[in-house]
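A quick write-up on the structure given underneath.
Taken together, the values in this text are just the output of simple stated rules run on the coordinates, not laboratory data. This is a predicted model, so every value here is computed, not measured. So basically every Cβ, Gly included, is an ideal-geometry build from the backbone, and we count neighbours across all protein chains shown.
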Amino acid sequence: MRIIRTHEDITAGLSGLVMLDARLEHVVSKAGPVPLRRSDPGYRGIANIIVSQMVSKASAAAIWNRMEATLGNIDAASVTAMSDEDCRLVGLSGAKADTLRRVALRRARRRT
């Protein structure tokens, strides 16, 4: 397994996939370059991924910006302190708020 850190890592991974299944070569050539998307490490990064799931980029960015405006620092403690109403006001669905809280609590348990 290789950790993806650079565009070269992406290229190497795609080449490996094409070697396993030549039909992918057409897909790779049509799709063009794959962007390198790196998330912040720790809770902030996983929270951003959760917020971004199953919504448009614009919606995810709007929700994230409202969270930053409301919380300042988005971390496990600040998210778990949000009320259900706070979560609704920033645009989080009940399922996303629940997931963010569960991940935060799990992280807190692993640290103790």
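Quick notes on this one:
- Among the trypsin sites (Lys or Arg not before Pro) in the range 1-57, those placed in a DSSP loop whose Cβ has at most 12 other Cβ atoms within 10 Å are 2, 5, 23, 37, 38.
- Each residue, residue 17 and residue 58, gets one label point 7 Å from its Cα in the Cβ direction; the gap between the two is 2.8 nm.
- Using the Cβ-Cβ distance between residue 65 and residue 4 with R0 set to 22 Å, the FRET efficiency from 1/(1 + (r/R0)^6) comes to roughly 0.25.
- Between residue 26 and residue 80, the contour length at 0.36 nm per residue exceeds the alpha carbon distance by 14.9 nm.
- The spread of Cα positions in the chain, taken along each principal axis and listed from longest to shortest, comes to 51, 34, 22 Å.
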